[in-house]
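Below: one structure, written as structure tokens.
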Amino acid sequence: MQPKVAAAAILVVAALQAVSVCAERPAWITQEILDMIANDKNNCMAEHGTTEAQVDSVNNGQLPEDRSITCYMFCMFDTFAVVDEDGVLDADTLSSFFPEEVQEKARGAFGPCSEPPGDDNCDKMKNLAKCIHEHDPSMLFMI
């Protein structure tokens with residue numbers, strides 16, 4: 001996998017899930033990773049009208065409800081090819097981007113949630129986030 005894609009996929013992992021539910025990003029998400037995905041993040045935010053405040057609210061434990069944040073989630077996952085066109089999450093690939101010590105925990109949270117129900121992909125991302133939160137709230141984090 002190309003370094004930019006791998007780094008971006010790691011960020012996508014963090015875009016929805018990470019080590020803790022708090023406003024601080026996990027230490028393993030480096031500034032280099034953030035810099036590599038900045039354009040994609042900005043494009044998805046602009047496309048869906050997403051704000052940093054919405055991202056912060058998810059990181060502070062609020063489940064995403066607004067379509068601008070759930071559509072942003074799909075946009076980021078789609079950009080880095082960890083969801084398919086039907087909104088199905090590739091939980092194994094997503095989990096593999098985490099540090100080894102977190103991969104089993106990630107698979108436990110993502111696996112049961114990989115085929116979320118919903119009327120469209122934005123709705124599916126809302127249900128994906130809810131499912132992950134039910135399985136392990138510490139795995140819900142956004143960048």
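The values are calculated or read from the model by the stated rules, or taken from the named source; none is laboratory data. Note that this is a predicted model, so its numbers are computed, not measured. Virtual Cβ from ideal backbone geometry, glycine too; neighbours counted across all protein chains shown.
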- Task: Just need a number here: residues in the stretch 49-67 that are touching a Cys at 6+ places or on another chain (Cβ under 9 Å) and closer than 18 Å to residue 116 by Cβ.
- Result: 1
- Report yes if some residue within the stretch 15-33 is assigned to a helix (DSSP H, G or I), over 20 Å from residue 126 (Cβ atoms), at pLDDT 75 or above and among the hydrophobic types (A, V, I, L, M, F, W, C); otherwise report no. yes
- When the residues of the stretch 118-143 are filtered to those that are small (Gly, Ala, Ser) and over 20 Å from residue 53 (Cβ atoms), which remaining residue is nearest to the chain's Cα centre (by Cα)? 138
- Item | Hits in the stretch 35-64 - residues which are touching a residue at least 40 places away in the same chain (Cβ under 8 Å) and surrounded by 13 or more Cβ atoms within 10 Å (Cβ to Cβ) | 37, 40, 41, 55, 58, 59, 63, 64
- Task: Go over the candidates 85, 104 one by one and state the one that is assigned to a loop (DSSP other than H, G, I, E, B) and either under 17 Å from residue 37 (Cα atoms) or not aromatic (Phe, Trp, Tyr) (or both).
- Result: 85
- Note on the structure: Result of the Cβ filter at 7 Å on the stretch 86-108, keeping first residues that are surrounded by 15 or more Cβ atoms within 10 Å (Cβ to Cβ) and partners that are basic (Lys, Arg) and part of a helix (DSSP H, G or I), at least 6 apart or interchain, is 87/124; 91/107; 95/107
- Just a yes or no: is a residue in the stretch 90-111 closer than 22 Å to residue 27 by Cα and among the basic types (Lys, Arg)? yes
- Taking into account only those residues within the stretch 34-54 that are among the hydrophobic types (A, V, I, L, M, F, W, C), over 14 Å from the mean Cα position of the chain (by Cα) and modelled with pLDDT under 95, which is farthest from residue 68 (Cα to Cα)? 36
